[in-house]
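*Asks:* Just dropping this structure here.
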């Protein structure tokens, strides 16, 4: 058997107990049996989201839920603000522009995060801005935006705050209700440890007022249809049945372990990774003030081909880590420590990384 | 173990060998290993579609692919023709209207199919109609539209023909290229015997000319993005990885058995079902001229509660059949014979049906 260790920031490793659920015989989605699961999954997601808001399930990747947020909140000609700091923040901007939204963009330098005070200023300067879009864990650079501080700014205005929590949910803390986050999108293939294909979106009353007013043409991602179907414990279109059943089991793991324990675990794992990486003489890419516990982005040492490094990790050792995206292509490597990744997995990966770096001519510093 | 026999027209029973594939450890989607599978799946779909056209994969239910067809082919204000004969035909109309398309609707009576000559006439009367939408196998009523005859009419005009083949593909013949069908949408959870969550769309050059011109705002279902990503053997957004890998195995079953053999098999199974149903003294709902081999829609005898019948089949015997939708709610039952359903499964289901009908007071005729 060839080893397949996934340390990529999505999809993440699927633990054997969830693989087993995915391989079970299918049941029909319009049955009391499946309705009971749908209800349990939704309540389970509310637990992980830390919210009482409605949460709707979409058979799509995370981007589908992002489109649902933009298309349902805004109409062409409306104004939005995107505070971006990487590839997934840029996706909010692309989506807004696609739907004809007048989009003001606050760009943080990659490796840094947007400043809530800049968002505050922008909202004061233009009170007609209807929605603010941010990225909780920006997986392209390995940083976390301070959602709590952003929500503190936005909740005092008429604008709604929509957060991309695709890679952060269940990994780092996100108190949807306590912080006052209006819309949160996420997906099943990061913290929830499942194959991609199921996304979710939480919506509060403030956001629903915009949803009812939006004139953007939408059908598959129309959250009014989701709300209507949910009144009958249903989804408007055929559900991603086996992912939903597996998600129910995944959430049970969160409930058994406890949310805060999970966050503490990932924090420890992230610190361990950062220390271990530094012991190899490598440096961390993002700024220390906003470093993420979801994944660690590491600078590729000068003279080393980052793309080749990732390829060799995969081809020689069966360990998938991610390279850089966009302007960081070839310049960083990214090691995820969400989901069911253990300290031993990280140790194993870094030991392989050390070997390959040596072979590629990098001089690993002598151990202390 | 409780029995779960699915005779519903989607999702269909997942055979054990595909369950096993679905439960395998995940691999990353941006690797040569997955790219090779993507390529093989696409070629395999071309085999089942009987086409050389591009086929794009979407992480969504079948409705997502229908939205992709409408949103990519047409802009607000464009004209379209929908020839509908049931709930899924109505979905084309709803989609067109959602996107501001001026939609002429030819409605066949339920249980019947639209007449190609009516489509011909409508296209002659209004040469500005850009697209015609039809449903190959209308699962709400159990009929098949004559796609070949429709294509013969439409291919002589400037309009493109888009076919919903979600439940028909791989079950009944659809010669995409030979008949000249411009766009065909389908999904993985009917003939391909997989859990829902993966849809596909084939597009030819005539259709692509419209796609390039469409001004409808679209992002997740933007087929220009699909085309661009496919040039690098990729999908624009995270793929439904494990469904794609399982689809590859499902298609291998088609290749081993041979397409025509499969069609013959389903025809035999459908005939067997219809005969067996008639032997119970029951009547077939759709008109004999357009009856489908995908599923058999049966009239519920007068005095019998159709919804209760479906419920009892499920609760007493673990056999899921479908009831009627829309105006047929409670009035018909639908028994699918696509995918891995065998003659023995049908026999078993009908034997349970007979028992329940008797208990509900229906007098089953004496056997010949």
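*Asks:* Report, in degrees rounded to the nearest 10, the 0 to 90 angle that the Cα long axis of helix A:116-125 makes with the longest principal axis of chain A.
*Replies:* Computed tilt is about 30 degrees.
*Asks:* Copy-to-copy spacing for residue B:178, label 7 Å out on the Cα-to-C-beta vector, in nm, shortest first?
*Replies:* 6.6
*Asks:* Once you have the Kirkwood Rh of the range A:145-205 from its Cα pairs, apply Stokes-Einstein at 25 °C and 0.890 mPa s and quote D in µm²/s.
*Replies:* It diffuses with D of about 204 µm²/s by this estimate.
*Asks:* Over all directions, how big on average is the projection of the convex hull of the alpha-carbon atoms in the range B:86-169, in square nanometres? The partial results should precede the final answer.
*Replies:* Working: hull surface 20.3 nm².
Averaging across all directions leaves 5.1 nm² for the Cα convex hull.
*Asks:* Sticking with this structure for a sec: Could you work out how far helix B:62-73 tilts from the main Cα principal axis of chain B, as a 0 to 90 degree angle to the nearest 10?
*Replies:* 30
*Asks:* Using alpha-carbon pairs under 8 Å, 6+ residues apart, how would you state the relative contact order of chain A in percent?
*Replies:* 24
*Asks:* Related question: In the range B:284-353, what is the volume of the convex hull around the alpha carbon atoms, normalised per residue and reported in Å³?
*Replies:* In the range B:284-353, the Cα convex hull volume per residue is 99 Å³.
*Asks:* What does the helix-only formula give at 222 nm for chain B: each DSSP H stretch with n ≥ 4 adding -39500 (n - 2.57), the total divided by the residues, and the result rounded to the nearest 500 deg cm²/dmol?
*Replies:* Working: 13 runs with 155 residues, N = 368.
Rounded to the nearest 500, the figure is -13000 deg cm²/dmol.
*Asks:* Here is a further query. Bin width 5 Å, alpha-carbon pairs only: give the P(r) of the range B:4-141 as whole percents, running from 0 to the bin holding the largest distance.
*Replies:* Taking every Cα pair in the range B:4-141, the percentages come to 2, 8, 13, 15, 17, 15, 11, 8, 6, 3, 1, 0.
*Asks:* Something else now. Between copies, how far does the label point of residue B:229 sit from its twins, in nm, shortest first, when each point is 7 Å from Cα along Cα→Cβ?
*Replies:* So the label point of residue B:229 gives 2.1 nm to the other copies.
*Asks:* How do B:327, A:249 rank when sorted from fewest to most other Cβ atoms within 10 Å of their own Cβ? Intermediate results must be reported in sequence, preceding the final value.
*Replies:* On the way: B:327 11, A:249 20.
Lowest to highest Cβ neighbour count: B:327, A:249.
*Asks:* May I ask you to sort A:331, A:367 by Cβ crowding, counting other Cβ atoms within 10 Å and putting the fewest first?
*Replies:* Working: A:331 15, A:367 6.
Arranged by neighbour count, lowest to highest, A:331, A:367 become A:367, A:331.
*Asks:* Further, regarding this structure: Which Rg and Dmax, in Å, describe the Cα atoms of the range A:223-368?
*Replies:* Taking only Cα atoms of the range A:223-368, I get Rg and Dmax of 19.7, 64 Å.
*Asks:* While we're looking at this one, here's another question. If every alpha-carbon in the range A:16-255 counts as one equal scatterer, what log10 I(q)/I(0) does Debye give at q = 0.09, 0.18 1/Å?
*Replies:* The Cα Debye sum returns log10 ratios of -0.35, -1.36.
*Asks:* Compute and list, largest first, the equivalent-ellipsoid semi-axes of the protein assembly as shown from the alpha carbon gyration tensor, each √(5λ) rounded to a whole angstrom.
*Replies:* They are 45, 29, 25 Å, listed from largest to smallest.
*Asks:* Also, I was wondering about something else. On a 0 to 90° scale, report how tilted helix A:241-257 is relative to the longest principal axis of chain A, with both axes built from alpha carbons and the result rounded to the nearest 10.
*Replies:* 70
*Asks:* Taking a label point 7 Å out from Cα toward Cβ, give me the nm distances from residue A:326 to the same spot in the other copies, shortest first, one decimal.
*Replies:* Sorted ascending, the copy-to-copy spacings read 4.5 nm.
*Asks:* What base-10 log of the normalised intensity I(q)/I(0) is obtained for the range A:138-286 from the Debye formula, alpha carbons as equal point scatterers, at q = 0.15, 0.20, 0.21 Å⁻¹?
*Replies:* -0.97, -1.42, -1.47
*Asks:* Debye calculation, C-alpha points only, no solvent: report log10 I(q)/I(0) for the range A:159-240 at q = 0.13, 0.19, 0.23 Å⁻¹, in the same order as the q values.
*Replies:* After summing over all Cα pairs, the log10 values are -0.47, -0.99, -1.26.
*Asks:* With Rg and the Kirkwood Rh both taken from Cα atoms, where does Rg over Rh land for the range A:208-298?
*Replies:* 1.18
*Asks:* How would A:275, B:40 line up from fewest to most surrounding beta-carbon atoms within 10 angstrom?
*Replies:* Details: A:275 9, B:40 16.
Listed from fewest to most nearby Cβ atoms, that is A:275, B:40.
*Asks:* What share of the DSSP beta bridges in chain A is antiparallel, in percent to the nearest 5?
*Replies:* Working: 21 of 43 bridges.
Counting only bridges with both partners in chain A, antiparallel ones make up about 50 percent.
*Asks:* Using only the alpha carbon atoms of the range B:48-122, find the Kirkwood hydrodynamic radius as the inverse mean reciprocal pair distance, in angstroms to one decimal.
*Replies:* Over the range B:48-122, the inverse of the mean reciprocal pair distance is 13.7 Å.
Every number here is computed from the coordinates shown, using simple stated rules; none is lab data. Because the structure is predicted, anything quoted here is derived from the model rather than measured. All Cβ positions, glycine included, derive from the backbone under ideal geometry; neighbour counts span all protein chains shown.
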